[in-house]
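> Could you have a look at this structure, given as structure tokens, before my questions?
Bear in mind these aren't lab numbers, they're just calculated from the coordinates by the rules spelled out. Source: prediction; values computed, not measured. Counting neighbours? That spans all protein chains shown, and the Cβs are built from the backbone with ideal geometry, glycine included.
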Amino acid sequence: MENKWTRKTIAECASDEPYSTQIGPFGKALTPEEYTSSGVPLLRGVNVNRGRFYDDGFVFISEETADRLSKFESHPGDILLVHKGTLGQIGMMPSDRKYHRYIMGNSMLRVRCDPAKLIPEYLYYWLCSHEGQHYLFSRVSQVGVPQIQRPLTTLREASLPVPPLDEQKAIAHILGTLDDKIELNQQTNQTLEAIARALFKSWFIDFDPVRAKMDGRQPAGMDAETAALFPAEFEDGGAIGKIPAGWRSGVLKDISENPKRTIRPEQIPVGTPYVGLEHMPKRSIALSDWGVSDNVESNKFQFENGDILFGKLRPYFHKVGVAIQNGVCSTDILVIIPKCSEWFSLALAYVSSDGFVEYTNMSSDGTRMPRTNWQVMGQYPITIPSLEVAKAFNTEVSVIVQTIRSNIFQLKTLASIRDTLLPKLLSGEICVKDAEKVVEAVV
């Protein structure tokens, strides 16, 4: 099929309007001094590194500056690429976006397609494909900051197979269906994590159930059996202030520990999952990314399914997650396990809390690469509830963790299917109808 599809350059498929292919402002056209705390968001690589578009994490410029830079504005349907720095990131500006206008940053490229020739979704997937990525990376200069040589010209000269529009739409629909399901699962996981964090804050930071019982109220959203586990008064907790009666002041090592599980490279079985700092999430409940340990050359730590992993180098203290399988990790990651199963969720909640990250930041030491260690981490002050309350909390959160774990493995399956179908659809190796059957079986 591929030899029946005409190859065209992006320049040939771009819109006829001015600046349809455009590089972001460079030099003194836009300087950091013009950034503001609010206004018009500036697009950077962070906005296209988690899928088709990530509508957050902006710096801003004023409306007046945006007016001056109007030729760099990005509209719905624009394809966005990073040409300098963290290369290979591709995104598409959505129609359901948070802000009414966006301006490209100086590391960005943009393509606005002629919809009569090329739909943006198809171009997006071609740029994400092995062929598209190889084209871009084969034109990268490695001197200084990695960047695409002659970025705008390189983009315009890119040649891709261009099937008829109905075929483009069908291919984009199949791949988009998989991406939509992946995004839905990710959003579900984010919601579940938010629920777990809110529950921890309510029970162990704000002590809402205790305060409700003091006021003669039934704790909100809690059954009578669970509510009965909480006291109806506070007592002095020493340095950490008032705590629920019958609970005690303690430190993190009272409920958790750091197992010593060092393993040499030659002892690691082929294909063992490997987690480095680059794979660690930002205070997430479960790890969703990992590599393979086949080429590691130094000692690693072993971890098991359900262990808590913590990046112990500053500024990686916000990188926390639960392992969802057995594996090995960098020695820059510390493994934490609960002293008994009832303490698991509480230990996770404390280790991934803002307070704990702030504590490790303040207590870390070292000049070149500041870090923390278990001796310091274990002394983090916490409020320790009764074992019955800890067990009730663990029952609630463990269900959330297991659901997130299942969603992550489904995400992996969907991503694998997408990545397998992508080159085959774009090359014509597999027809649309056969690909649709594959997708229908998993979505």
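> Please tell me the relative contact order of region 109-204 in percent, rounded to the nearest whole number, where contacts are Cα pairs under 8 Å and at least six residues apart.
After rounding, I find 28 percent.
> Quick one: 329, 13, 340, fewest Cβ neighbours within 10 Å first, how do they rank?
Exposure proxy ranking, most exposed first: 340, 13, 329.
> Based on the mean of other Cβ atoms within 10 Å per residue, sort peptides 241-253, 431-443 so the most packed one is first. Don't jump to the answer; show the numbers that get you there.
Working: 241-253: 16.3, 431-443: 13.3.
Those peptides, ordered most packed to least, come out 241-253, 431-443.
> Using only C-alpha atoms and all pairs of different ones, pull out the Kirkwood radius for region 259-319 in Å with one decimal.
Evaluated on region 259-319, it is 12.5 Å.
> Show log10 I(q)/I(0) for region 187-276 at q = 0.11, 0.13, 0.18 Å⁻¹, two decimals, from a solvent-free Debye sum over equal Cα scatterers.
Values, matching the q order: -0.55, -0.67, -0.93.
> If R₀ is 25 angstrom, what is the calculated FRET efficiency for the pair residue 214 and residue 239, using the beta carbon separation as r and rounding to 0.05? Don't skip to the end; give the middle numbers.
On the way: r = 23 Å, r/R0 = 0.91.
In this case the efficiency is close to 0.65.
> From the convex hull of the Cα coordinates of region 157-202, what is the mean projected area in square nanometres?
Average of the hull's projected areas for region 157-202 equals 5.2 nm².
> Which three lengths, in whole Å and largest first, does region 187-345 cover when its Cα atoms are put on their principal axes?
61, 36, 29
> Alpha carbon centre of region 12-52 versus region 380-443: separation in Å?
33 Å
> Hey, of [x] 152; [y] 192; [z] 201, which did the structure itself give for volume of the Cα convex hull per residue in Å³ when calculated?
[y]
> While we're looking at this one, here's another question. To the nearest 0.05, how large is the calculated FRET efficiency for residue 38 and residue 205 if R₀ is 30 Å and r is the Cβ-Cβ distance?
That pair, residue 38 with residue 205, gives E of 0.50.
> Percent relative contact order of the chain, based on C-alpha pairs within less than 8 angstrom and at least six residues apart?
Result for the chain is 14 percent.
> State the extension gain, in nm to one decimal, for the chain segment bounded by residue 433 and residue 64, taking 0.36 nm per residue of separation less the distance between their alpha-carbons. Walk me through the numbers on the way to the answer.
Details: separation 369, 0.36 × 369 = 132.84 nm, distance 5.02 nm.
Once the chain is fully extended between residue 433 and residue 64, it gains 127.8 nm.
> For the chain, what does the helix formula give at 222 nm: sum of -39500 (n - 2.57) over DSSP H segments with n ≥ 4, over the residue count, nearest 500 deg cm²/dmol?
Numbers: 13 runs with 153 residues, N = 443.
Counting only the DSSP helices, I get -10500 deg cm²/dmol.
> If you don't mind, there's one more thing I want to ask. Which of the DSSP-defined H helices in the chain satisfy a minimum axial length of 24 Å, computed from C-alpha atoms, and a minimum mean Kyte-Doolittle hydropathy of 0.0?
387-427
> Based on other C-beta atoms within 10 Å, arrange 155, 411 from fewest to most.
Neighbour counts put them in this order, fewest first: 411, 155.
> For a footprinting-style exposure proxy, rank 420, 226 by other Cβ within 10 Å, fewest first.
Ordered by Cβ neighbours within 10 Å, fewest first: 420, 226.
> Translational diffusion coefficient of region 253-384 at 25 °C, 0.890 mPa s, Stokes-Einstein with Kirkwood Rh over Cα pairs, in µm²/s as a whole number.
166 µm²/s
> While we're here: Across 10 Å bins from the origin, how do the percents of Cα pairs in region 2-160 run, short distances first?
11, 42, 35, 11, 1, 0
> Distance from a point 7 Å along Cα→Cβ of residue 145 to each backbone N in region 90-113: keep the residues under 13 Å and list them by number.
Backbone N within reach: 105-109.
> Please work out how much length the chain gains when fully extended from residue 195 to residue 365, using 0.36 nm per residue of separation minus the C-alpha to C-alpha distance, in nm with one decimal.
Contour length minus Cα-Cα distance gives 57.8 nm.
> Any of 260/312; 181/201; 213/391; 213/339; 71/98; 319/412 with alpha carbons more than 23 Å apart? Name them for me. Working shown, then result.
Numbers: 260/312 15 Å; 181/201 30 Å; 213/391 20 Å; 213/339 30 Å; 71/98 20 Å; 319/412 21 Å.
Checking Cα-Cα distances, 181/201; 213/339 exceed 23 Å.
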